[in-house]
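Here the structure is laid out as structure tokens; the discussion comes afterwards.
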Amino acid sequence: ALHRLVCLLVLVLGITYSFALPPYGAPDEKYHINQSFTLACRWANVLSDEDWQMGHVPISMSYRREHDVNAALQDQETGTTVWAWQAFAGDLFTLSPDAFDSHAEYQEAQTDENPLLYLPSAAAVFLAFVLRLGFVPALVLGRLANLACFALLAAAAVKYTPFGRRVFAAAALLPMTLHLAASFSRDSLLLGLCFAFAALAMRAAFAPEAPGRKLLAALAAAGLLMCPGKAVYLPLALLVLCIPGRRLALPRPALWKAGYLAACLALTLALNSTMLGTAMTGGTAEPQAAESTAAAQTAVQAGGAALAADAAGPAGPAHGAPEAE
């Protein structure tokens with residue numbers, strides 16, 4: 001069946017993409033990784049016997065275990081290089097010396113304060129904490145969790161849409177779609193939810209049989225998860241207006257549709273309040289992250305200058321080399 005074929009192809013090609021493009025290679029993936037690891041640390045904190053409490057974590061701060069660092073993978077300036085592949089392959093089966101409930105605070109930005117679309121990847125990272133896996137295995141598990149969710153959602157869209165199955169299949173197998181699906185990006189689940197929501201809305205509106213309660217519940221859940229993920233997807237919820245009222249086994253279907261759209265809007269505003277407030281005030285959501293980045297660049301430059309000075313020796317810099325400031 002086509003939906004099973006799509007699920008298989010997404011998994012096979014997605015895993016290929018995930019290993020061909022190591023972690024931190026997808027657009028803004030470092031912020032999504034920070035969000036997933038912070039959420040996993042929060043769960044570990046709840047189950048911990050320690051006295052520390054994370055409390056509210058602003059988007060300019062994130063948490064990981066103390067040894068969850070890999071300079072070659074996390075170097076965003078040089079991008080994906082042979083050193084990133086070497087670090088990825090070399091640490092693929094490492095264990096972590098950190099305890100289950102260990103944590104370290106980093107002045108690194110997260111995406112936002114909406115945790116809904118990070119639950120699968122955070123659960124995979126939390127599993128890595130429980131198994132004492134290293135940083136790279138935790139990154140692999142988080143990516144695979146997102147990929148599996150996308151594969152199931154894309155297959156469901158192909159299966160349940162009354163027409164256009166090959167269109168959904170082709171869109172799910174586009175290179176950029178697979179690149180995002182096999183990453184920590186919330187776009188992995190967002191794209192899958194968009195596919196599933198559109199397919200279910202089309203089935204409710206145009207299938208020969210009237211939609212049942214299970215289909216309507218799945219449609220409502222997909223929309224309520226999709227809209228808060230990114231406010232730009234909110235207009236997609238208007239597809240429910242295409243469903244004729246006579247096909248809905250509900251009293252006053254127009255009132256139900258209006259209530260559903262109002263719930264999508266309210267949830268979007270509630271879960272994106274920090275980002276919306278920042279945009280309205282014209283400020284920046286990540287001032288500490290910007291300062292941290294600047295400080296890191298300064299440290300790298302200072303380290304390079306120190307190495308140059310050391311290489312020059314006591315007699316001064318080498319012939320033709322600029323003096324290190």
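Structural descriptor for region 125-284: relative contact order 18 percent, calculated from alpha carbon pairs under 8 angstrom and at least 6 residues apart.
Distant-in-sequence amide contacts of residue 110, defined by a placed amide H-H separation under 5 Å and a gap of 5 or more residues or a different chain, comprise 60, 61.
Roughly how many debye, to the nearest 20, is the charge dipole of region 177-251 about its Cα centre, given +1 on each Lys and Arg Cβ, -1 on each Asp and Glu Cβ, and no other charges?
180 debye
Within the same chain, lysines fewer than 8 places from residue 257 are excluded, and of the rest, those with a Cα less than 30 Å from its Cα are 159, 214, 230. Residues whose amide H comes within less than 5 Å of that of residue 133, counting only those at least five positions distant or on another chain, are 96 (H built at 1.01 Å from N in the peptide plane).
FYI, it's all coordinate maths here, none of it is from the lab. The structure presented is a predicted model; accordingly, all values stated were derived computationally and were not measured. Here the Cβ is made from the backbone with ideal geometry for all residues, glycine too, and neighbour counts use every protein chain on show.
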